[in-house]
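Written below as structure tokens is the structure these notes are about.
The values are calculated or read from the model by the stated rules, or taken from the named source; none is laboratory data. Computed from a predicted model, the values in this text were never measured in an experiment. Note that we place each Cβ from the backbone using ideal geometry, even for glycine, and neighbour counts take in every protein chain shown.
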Amino acid sequence: MSQPRLKTGIWVSAQLRLCDQQTIPAVIIKRGDIDAGGVLLKINRLGTGCTVLARVFDGDGNRVWMVVAGGGAEGSKQHLEMETSSDAYIAREINIDPDLWVVEIEDRDGAYAPDGEIINS
């Protein structure tokens, strides 16, 4: 059975509030459609990796998060390259979908967990 669909703007506001409660810096990089826009989460580990997750729905209508860019490389040079490629991916997706939301979460300790399973593409 599928999960009830919450308006995207409300969901994003809730994630920002959750991050704030955990003292995890999070900002909206791009606002999308408040009712049903897609969502990309850029999880920046600040020197130890950067991952972009896309909100998708599985065959049963459940929200899952797909890794679409980045990864968990170590080292500042690799991190810089990873963040640059992640930003390029986000820019391409914004050009394709103007209703897309992009939220960046600076989570050095890996404390943030999105509301759903994370799958690899």
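A few notes on this one:
- Members of the range 57-68 that are hydrophobic (A, V, I, L, M, F, W, C) and at pLDDT below 85: PHE57
- Hits in the range 24-37 - residues which are closer than 20 Å to CYS50 by Cβ and either at pLDDT below 95 or part of a loop (DSSP other than H, G, I, E, B) (or both): ILE24, PRO25
- Listed by first and then second residue, the pairs linking a residue in the range 91-119 that is farther than 22 Å from CYS19 by Cβ to a residue that is of a type in the set (Ser, Thr, Tyr) and surrounded by 12 or more Cβ atoms within 10 Å (Cβ to Cβ), with Cβ atoms under 9 Å apart and 6 or more places separating them unless they lie on different chains, are ASP99/THR8.
- Qualifying residue in the range 48-62 (condition: surrounded by 17 or more Cβ atoms within 10 Å (Cβ to Cβ) and more than 24 Å from THR84 (Cβ to Cβ)): no
- Restricting ALA73, ALA54 to those that are at pLDDT below 90 and either among the aliphatic types (A, V, I, L, M) or assigned to a strand (DSSP E or B) (or both) reduces the list to ALA73.
- All conditions in (1) of a type in the set (Asp, Glu); (2) surrounded by 14 or more Cβ atoms within 10 Å (Cβ to Cβ); (3) assigned to a loop (DSSP other than H, G, I, E, B) hold for ASP87, with the sole exception of (3).
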